[in-house]
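The values are calculated or read from the model by the stated rules, or taken from the named source; none is laboratory data. Every value quoted in this text rests on a predicted model; they were computed, and no experiment measured them. Here the Cβ is made from the backbone with ideal geometry for all residues, glycine too, and neighbour counts use every protein chain on show.
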Amino acid sequence: MKKIMRAMIAMLVVLSIFSTSFIAFADGWDTDPVPLDVCSHTLKEKVVVKAGPGTDGKYYEYCTKCSYKSEEKVIPCIKGVALKKTVFTYDGKKKTPEVNVKDGSGKTISSKYYDVSYQNNSVVGKKTRALITFKGKYTGKYYRDFTIKLGNTTLKVDKTGVNAVQLSWKKVPGAKYYGIYELDSKSVYQRVASTSKLTYTVKNRKSGKRYDYLVRAYYINAAGKEVLSDFSGAGRAYGITLCKAPKATAKVSGKDVKLSWNSVQGAASYRVYRYDTKTGKYITLVNNYSGKSFVAKKQPKGTNYYLVRAYNSRGGGSPYNTKILAKAVVK
């Protein structure tokens, strides 16, 4: 009996110790938890379906260090592909216009997602284009055309004659020929000549008249067609042909000589001279004169010769011409 009692007491002591230890352990768990091991993800993208022209794509993200995988996300479609510049002036160098690409959300697609190549991008007269080829999470190809044109030149009137206008201009890179255009009575420019030189004289024009010109550069392509520079911005200039010299008549009255002449086309004013046969010089008697007759007072005794020159609105005077001198004998 005593042995049984000792065993029971020993069991109660063990149970008491175990109960105290469990409570202490439970209290310790509540007050001091052990932290969990959380992954700091290193994410990469996996494309499921590539985005294309007008078609959205899909992708998801996954961690390279654990089993994390996101839900699938949308890759907005390719919405717009355009060149930032489409017209270039020929200078012998290759033209590589930049590309602007937008997705379906309106955002710019990085250039790392496409390659650009060019065709005929250093010549004029051929079809020039850019090829945009997408890669990475995008797919598709786009062609975009652009233009390389001949440049324009600056035109000037070097001089005018009674029936001619002399023009000159600067060289245009790539040009083989130049077309000279003249403004007609209907205000339309018509080609009147072509030349490979940088100067040209338009002849057989009326005296004392304004003529407007422009010059366009061009060359002949492989198909035998002209490739011309634009009308817009072409070199323009105008010239007024010189007036014909009016033929004057002289009438002596004492020591005075009255000179008379008919009006000539394009004349804005007249200048009257006495020709000195000894020196060969012309002595101005009146300048910027608008009348059609003039009295030269107290002229030298003997035979005198006179010339009238007509001046156009740009100050160009008719040529000196000894064949039409008016003769007057003063006694």
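Of everything in the range 157-168, what is part of a strand (DSSP E or B) and crowded, with 16+ Cβ neighbours inside 10 Å? Give them in sequence order. Explain how you work it out, then say what you get.
Here is the first cut: in the range 157-168, the ones part of a strand (DSSP E or B) are 157-160, 165-168.
Answer for the range 157-168, where residues must be part of a strand (DSSP E or B) and crowded, with 16+ Cβ neighbours inside 10 Å: VAL157, THR160, VAL165, GLN166, LEU167, SER168.
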Original post:
Out of curiosity, is SER168 closer than 30 Å to ALA268 by Cβ and of a type in the set (S, T, N, Q)?
Top reply: yes
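Okay, residues lined up against (1) within 24 Å of VAL165 (Cα to Cα); (2) in contact with a Pro (Cβ under 7 Å, 6 or more places away or on another chain):
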| residue | (1), (2) |
| --- | --- |
| ARG274 | no, no |
| LYS278 | no, no |
| ILE283 | no, no |
| LYS292 | no, no |
| LYS297 | no, no |
| THR303 | no, no |
| ALA310 | yes, yes |
| GLY315 | yes, no |
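Tally up the residues in the range 169-193 that are of a type in the set (Ser, Thr, Tyr) and over 18 Å from VAL124 (Cβ atoms), please.
Within the range 169-193, the first condition is being of a type in the set (Ser, Thr, Tyr), and the residues that meet it are 177-178, 181, 185, 187, 189.
Narrowing the set further to residues that are over 18 Å from VAL124 (Cβ atoms) leaves 181, 185, 187, 189.
Number satisfying all stated conditions: 4.
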**OP:** Give the residue, chosen from TYR113, TYR142, TYR138, that is farther than 30 Å from TYR177 by Cα, touching a helix residue (DSSP H, G or I) at 6+ places or on another chain (Cβ under 6 Å) and either modelled with pLDDT of 95 or more or not assigned by TED's automatic domain parsing to the domain that holds LYS95 (or both).
**Re:** TYR138
Original post:
Inside the range 269-308, can you point out the residues that are within 15 Å of LYS251 (Cα to Cα), of a type in the set (Gly, Ala, Ser) and surrounded by fewer than 18 Cβ atoms within 10 Å (Cβ to Cβ)?
Top reply: SER293, GLY302
**OP:** Of the numbered conditions (1) at pLDDT 95 or above; (2) under 43 Å from the mean Cα position of the chain (by Cα), LEU228 fails exactly one; give the number of that condition.
**Re:** (1)
Subject >> strands (runs of 3 or more DSSP E) within the range 9-81 that include 1 or more residues among the charged types (D, E, K, R), exposed (fewer than 12 other Cβ atoms within 10 Å of the Cβ) and modelled with pLDDT of 50 or more >> reply: 43-49
